[in-house]
1. Three principal axis extents, largest first, for the C-alpha atoms of the stretch 56-212, in Å?
2. Using amide H atoms built 1.01 Å from N in the peptide plane, name the residues 5+ places from Gln166, or on other chains, whose amide H lies under 5 Å from its own.
3. Pulled fully out, how much extra length does the chain show between Ala78 and Ser177, if you take 0.36 nm times their separation in residues and subtract their Cα-Cα distance?
4. So, in nm, how far is label Asp160 from label Glu251 when the simple model puts each one 7 Å beyond its Cα toward the Cβ?
5. If you average the alpha carbon positions of the stretch 98-156 and of the stretch 219-246, how far apart do those two centres end up, in angstrom?
6. Got a sec to turn the phi values of the stretch 129-142 into Karplus ³J(HN,Hα) couplings, 6.51 cos²θ - 1.76 cosθ + 1.60 with θ = phi - 60°, whole Hz, x for Gly and Pro?
7. Considering the zone a paramagnetic label at Ser299 would reach in this model (a point 7 Å from Cα along the Cα-to-Cβ line), which residues of the stretch 161-193 have amide N under 17 Å from it?
8. Over the Cα atoms, compute the radius of gyration (one decimal) and Dmax (the largest Cα-Cα distance, rounded to a whole number) for the stretch 223-306, in Å.
Amino acid sequence: MTLAELDAHQQQSLAELQAAIEATAIEQVRVRYLGRNGLLPALMKQLKDVPVADRPEFGRRANAWRAALEAALTERQAAAAPRETVAPFDATLPGRWPTLGAMHPVSRIIEDVCRVFARLGFTVADGPDIETRFNNFTALNTPAHHPSLDATDTFWLGDDQLLRTQTSPVQIRVMTSRPPPVRIVTPGRCYRRDTTDATHSANFHQIEGLYVDTKPVSLADLKATLACFARETMGPSVGVRFRPHFFPFTEPSVEVDFSCHVCNGSGCRVCKQSGWIEIAGAGMVDPRVYRLVGYDADSVYGYAFGMGVERIAMIKYGITDIRLLYENDVRFLGQFA
Ligand code: PHE
């Protein structure tokens, strides 16, 4: 490094500073020359390589450069144009509140229902969305010619595999894997080839319940359990009624109604003036199912029930269109916070 080169660097640095208008640009010049890894400190380290005769003069000029640059920097910094990106603080603007997440109503119903049944001794069981023909239909005593097996009703993934149309196959999974007693609830997704409208969706959720024991279990036990569940979820004055029905895997089978929680049974728009709202399908497990899962049909007793989660959410929260549950519009979901 010669004295001439040192002078050239000095000229260059002052020219760069002259060209820097904005505060950040000025700061960049300072860092480039005076910063810890800047040029001036680096040059000072090279002082030992300067010819001995030039050294005092080199040191003097370097110090003069530093002083000149620092003075110029202070002046430029004071005059620097204010940074346009920083808007002045406006204390009159409304505050920005952090938004809190809310649990999705479907998840919330699933949690609430499982919690109630947990208090009645039920544990939560799980099963896959992709099921076998055996678990979803055959072992549930559903004959091969039953219309629910049609490709127009069920999403088949091959001859033997399908997207489960109900949570009932989890009954089969549980009974084929352990001996009685079993007392489980099993929430999950189900799939049917339904055209979407205000009350139908090709993808929906059910919660299944199953209680099988080696001591007598009756339809009265089922009714008492569901009555308790009704009061816990819909309110203390809600009652339960059974209507005869048919399911291939329960005998007898019933449809379960809750008395309308809005009008208390006197008739309103929610219950379509009937005073009752359909909630679940249920019944005593058919002995043929016990035989198909390898239970001794003569010494076990049990009931099963299944209900639609979206349906319960819609009834409980007064939601009139099932599609609202899938659109994930935060204005809708935020109401459940
Ligand atoms: N799986 C039946 C359905 O989807 C409901 C049900 C479950 C009925 C358990 C009886 C027992 O309609």
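1. Projected onto the principal axes, the Cα atoms of the stretch 56-212 cover 104, 45, 37 Å.
2. Here Tyr191 satisfy the definition.
3. Numbers: separation 99, 0.36 × 99 = 35.64 nm, distance 8.02 nm.
Length gained, Ala78 through Ser177: 27.6 nm.
4. 2.8
5. 20
6. Along the stretch 129-142, the couplings run 6, 8, 10, 9, 4, 4, 5, 7, 10, 4, 5, 8, 6, 9 Hz.
7. Output list for this probe position: 178-182.
8. Computed over the Cα atoms of the stretch 223-306, radius of gyration and Dmax are 15.3, 47 Å.
Where a number appears in this text, it was derived from the coordinates with a stated rule and is not lab data. Everything numeric in this text was worked out from a predicted model, so none of it was measured. As a convention, Cβ positions derive from the backbone with ideal geometry for all residues, glycine included, and neighbour counts pool all protein chains shown.
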